[in-house]
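Participant: Could you have a look at this structure, given as structure tokens, before my questions?
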Amino acid sequence: MTDKKEINKKGSLGSGVAAFFSSLKLTIFLLITLALVSIIGTVIPQNMLRDDYLKVYKESTYATLKAVGFLDMYHSWWFVLILALLTINLIACSWKHFPRTWRFFSHPTRLLDKTLEKASVPALVWRRSWKVMPDDPANLLPRLEGLWSGNWQWSKKEGVNGSEFHYVAEKGRWSRLGVYFVHLSILVIFAGGIIGSLFGIKGFANIPEGEKVTSFYTYGDQRTLVELGFSVECRDFAVEFYESGGPKEYSSDLIIYDNGKPVKEKIIEVNHPISYKGFTFYQSSYGSYGGIVDLELNFRDTGLVLPLKLEVGRPLRLPENWGWIEVLKFEENYMRMGPSVMVLRDPGKGVKPYQFWVFLRFPKFGEENGKTSEFCTFKNIEQLFYTGLQVNKDPGVWVVWIGCIMMILGLYIAFFMSHRRLWLRLAYDADNPKRLQLVLVGNANKNQPSFELEFKEWAEKIKTWD
Amino acid sequence: MNTYIFSIVTFIYLAAMVVYVGYLAFRKPLVARLATVITLAGFLAQTVAIGLRWYESYELGIGHAPMSNLYESLVFFSWTIIMLYLYIEYKYKLSILGAFVTPFAFLSMAYASISPSVNETIQPLVPALQSNWLISHVVTCFLGYAAFAVSCGVSFTYILKKRYEDRQGAGGLLATFPTSQILDELVYKTIAIGFPLLTIGIVTGAAWANYAWGTYWSWDPKETWSLITWFIYAAFLHARITRGWRGVKAATLSIIGFVAVLFTYLGVNLLLSGLHSYGGG
């Protein structure tokens, strides 16, 4: 991205190590290596539970993969090592080339001498001469300046070597810094990532409707409880579906209490989180944890129907000497029979307790299939939901965004802006003092073809001057 | 209605491709003009159809930008390729490239229209996609992909031409190609457009992921493959200024880069699993 010529000069850097780390070949090697090894983690699922791996791999394969770090490869020592090498390479490379770039700022080439004239691209060197110069060559200056108006920065040196006039114009010099800006941005992003991994916390909190939490568990093998320092209440949870059955939206009405006072309320959805004191809560999942079930207990002999309201998992003692009943669990679609509950019935009187399923969509099922003296009908369920929140605190995330913005700006500068320079020399011919010679030389560090076209246009114009 | 126009567009791009190849063979300026006109007609029809599909999604009450499943993305992919190509053709007057670029647009449309696994109905958005990030993320990614598609086409042209120049060939079809220097410059230019766009695509994706899931990077296969692509093009950009890596080697990297783009775009959804599952249906 810097000048081709500059990089090709073999740097006479002191030690071989420095030369190795600052070489572009190492950069290419590391980038290609990163690309290749990164594939591994997209083919082998990462960070799964041991049991899940053993469904796919043999025990020995699993042990090998784990030992070489393939099951969490993006955090393995060798992957981090490649990134570290790339970082060193990037710093060394920038360090090596920066002084040369800085010369464009500290020692811009002011004079168009023979060396520069010879070293320039032939297409960007143009000469003409005037046989008899009518008056002072300095009078040409306003005309020349007229050619390069706009962002061109002009400077001139008169009377060099007694009679030469030198003019320099340049544009977009600072664009040479774009590449360094991009490199710096990578370091900033890495820094943000490291801050996040050192000081960030990621976890989850499941809050049943109507309840509060003051802490949450982190992810990972060793789940630790993190105190929030405030509390979060889920006042309501709602889920909506499209007609096709897919989820359309799920949302939780959250209230945050600090020191016992409600300080913030928001209905969060996927893509609309809530933040408080550095923690951000994202709608990530939901689940049902039972509900209130309406059951009817029918006694065949007497024809008595007993309506019951049962909370899943809580046994109920019936009046008289009718024993106990409990709804053990609720299933959304048990055996493709739709909403179903499993009931445990202990009629007492020496009868053994037994359990059975009843189905919302098949109210006659119990009546027709039960051989006992009683049967149950499942009338309704009012499900209770909990909202699944991802909880996150990442103090490095802003650093990452700053790095990203820097990178985008830097790339723009590096790719789309170029440093363009023009030198012009006016001098009387040594042999013929009446003959005025003009030499125009151009240089662009990028996008040279289009600069050549511009250059040609200027030359054509100067050609017409008498 | 929109899918009907899209299938016509597929045939228009096929015709454009054939005529561009014809231009390659006969080098008659009139043929090139015809190819451009056909391509432009296809592009306009496609633009109308995309607008129509967008409108139809609102008629269905599930209004969203037509970039939410594989079918829509394939259509959008070919649209951006043609847009970028037309721009380059206009700017650099290189109709010869059409033969190498229009096939990508045609194949993308053909895959969308013909493959039975690609569902062409307008579907409602799942919760994770209901975000303003959708458009900026998808548009930047696909503009980047399109630039890389063009650069891949040019790289092939470059390698052919470079070999021809190296063996000092004369006459024949390759003699009519632009010089390898111009092609090399064009490979670089298209990547110089694609690379920042890919970067913005990755950054907007990360920002969105952070907003939706609370993590800006989770090494999901799609994310990782976009990064792999980024690494390859970064390697290309450095190779181009490194002795021993310029020329054919760098052009090969650009072709490999586009293979990675295709894998990021299609392979990940078809072959691997992950968070980006919506792109697969």
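The values are calculated or read from the model by the stated rules, or taken from the named source; none is laboratory data. Values in this document were obtained by computation on a predicted structure and should not be read as measured data. Note: ideal-geometry Cβ built from the backbone for every residue, glycine included; neighbour counts use all protein chains shown. These area figures cover heavy atoms from the full protein model, side chains too; ligands, DNA and RNA do not enter into them. Shrake-Rupley method; radii C 1.70, N 1.55, O 1.52, S 1.80 Å.
Participant: What about A:Ile186, is it under 30 Å from B:Gln123 (Cα atoms) and either touching a His at 6+ places or on another chain (Cβ under 9 Å) or within 14 Å of another protein chain (Cβ to nearest Cβ) (or both)?
Facilitator: Considered against the rule, which asks whether it is under 30 Å from B:Gln123 (Cα atoms) and either touching a His at 6+ places or on another chain (Cβ under 9 Å) or within 14 Å of another protein chain (Cβ to nearest Cβ) (or both), A:Ile186 comes out as no.
Participant: Mind checking which residues of region B:180-227 are facing chain A (nearest Cβ under 7 Å), in contact with a Ser or Thr (Cβ under 7 Å, 6 or more places away or on another chain) and within 30 Å of B:Arg246 (Cα to Cα)?
Facilitator: Answer for region B:180-227, where residues must be facing chain A (nearest Cβ under 7 Å), in contact with a Ser or Thr (Cβ under 7 Å, 6 or more places away or on another chain) and within 30 Å of B:Arg246 (Cα to Cα): B:Ile200, B:Thr224, B:Trp225, B:Leu227.
Participant: Could you please give the count of residues in region A:406-419 that are part of a helix (DSSP H, G or I) and either at the interface with another protein chain (Cβ under 8 Å from one of its Cβ atoms) or more than 22 Å from the chain's Cα centre (by Cα) (or both)?
Facilitator: Within region A:406-419, residues that are part of a helix (DSSP H, G or I) and either at the interface with another protein chain (Cβ under 8 Å from one of its Cβ atoms) or more than 22 Å from the chain's Cα centre (by Cα) (or both) number 6.
Participant: Given the structure, is B:Pro116 open to solvent by 20 Å² or more (accessible area, probe 1.4 Å), within 14 Å of another protein chain (Cβ to nearest Cβ) and farther than 21 Å from B:Leu253 by Cα? First the steps, then the outcome.
Facilitator: Numbers: open to solvent by 20 Å² or more (accessible area, probe 1.4 Å): yes; within 14 Å of another protein chain (Cβ to nearest Cβ): no; farther than 21 Å from B:Leu253 by Cα: yes.
When the stated conditions are applied, B:Pro116 does not pass them.
Participant: Let me ask you something else. Among the residues of region A:44-70, what is the count of those that are within 14 Å of chain B (Cβ to nearest Cβ) and modelled with pLDDT under 90?
Facilitator: 7
Participant: OK, next. When both residues are 6+ apart or on different chains and their Cβ atoms are under 9 Å apart, which pairs have a first residue that lies in region A:260-273 and is without any contact (Cβ under 8 Å) to a residue 12 or more places away in the chain, and a second that is exposed (fewer than 13 other Cβ atoms within 10 Å of the Cβ) and not in a strand (DSSP E or B)?
Facilitator: That search, which allows pairs on different chains as well, returns A:Asn271/B:Asn132.
Participant: I'd like to verify a number: residues in region B:150-179 that are in contact (Cβ under 8 Å) with a residue 40 or more places away in the chain, out of contact with any Ser or Thr (no Cβ under 6 Å at 6 or more places or on another chain), within 14 Å of chain A (Cβ to nearest Cβ) and among the polar types (S, T, N, Q), how many?
Facilitator: Total meeting the criteria: 0.
Participant: Now for a different question. Within region A:231-249, which residues are farther than 28 Å from B:Gln123 by Cα and open to solvent by less than 70 Å² (accessible area, probe 1.4 Å)?
Facilitator: A:Ser231, A:Val232, A:Glu233, A:Cys234 - these are the residues of region A:231-249 that are farther than 28 Å from B:Gln123 by Cα and open to solvent by less than 70 Å² (accessible area, probe 1.4 Å).
Participant: As an exercise: evaluate B:Phe148 against (1) out of contact with any Cys (no Cβ under 9 Å at 6 or more places or on another chain); (2) crowded, with 20+ Cβ neighbours inside 10 Å; (3) assigned by TED's automatic domain parsing to the domain that holds B:Ile62 and give the number of the one condition it does not meet.
Facilitator: Result: B:Phe148 passes all but (3).
Participant: While we're here: Which residues, counting only those in region A:370-409, are closer than 26 Å to B:Pro196 by Cβ and either of a type in the set (Phe, Trp, Tyr) or open to solvent by 70 Å² or more (accessible area, probe 1.4 Å) (or both)?
Facilitator: Residues satisfying the conditions are A:Trp398, A:Trp401, A:Ile402, A:Ile405, A:Leu409.
Participant: Here is a list: A:Ser284, A:Ser252. Which entry is open to solvent by 50 Å² or more (accessible area, probe 1.4 Å), touching a residue at least 12 places away in the same chain (Cβ under 8 Å) and either among the hydroxyl-bearing types (Ser, Thr, Tyr) or not in a strand (DSSP E or B) (or both)?
Facilitator: A:Ser284
Participant: Any chance region A:257-273 includes a residue that's more than 26 Å from the chain's Cα centre (by Cα), part of a strand (DSSP E or B) and hydrophobic (A, V, I, L, M, F, W, C)?
Facilitator: Applying the first criterion (more than 26 Å from the chain's Cα centre (by Cα)) to region A:257-273 yields A:257-265.
Checking which are part of a strand (DSSP E or B) leaves us with A:257-258, A:261-265.
Adding the requirement that they be hydrophobic (A, V, I, L, M, F, W, C) leaves A:263.
Yes.
Participant: Right, here's the next one. Identify, please: which residue in region B:129-139 is within 14 Å of chain A (Cβ to nearest Cβ) and open to solvent by 20 Å² or more (accessible area, probe 1.4 Å) and is, among those, modelled with the highest pLDDT?
Facilitator: B:His137
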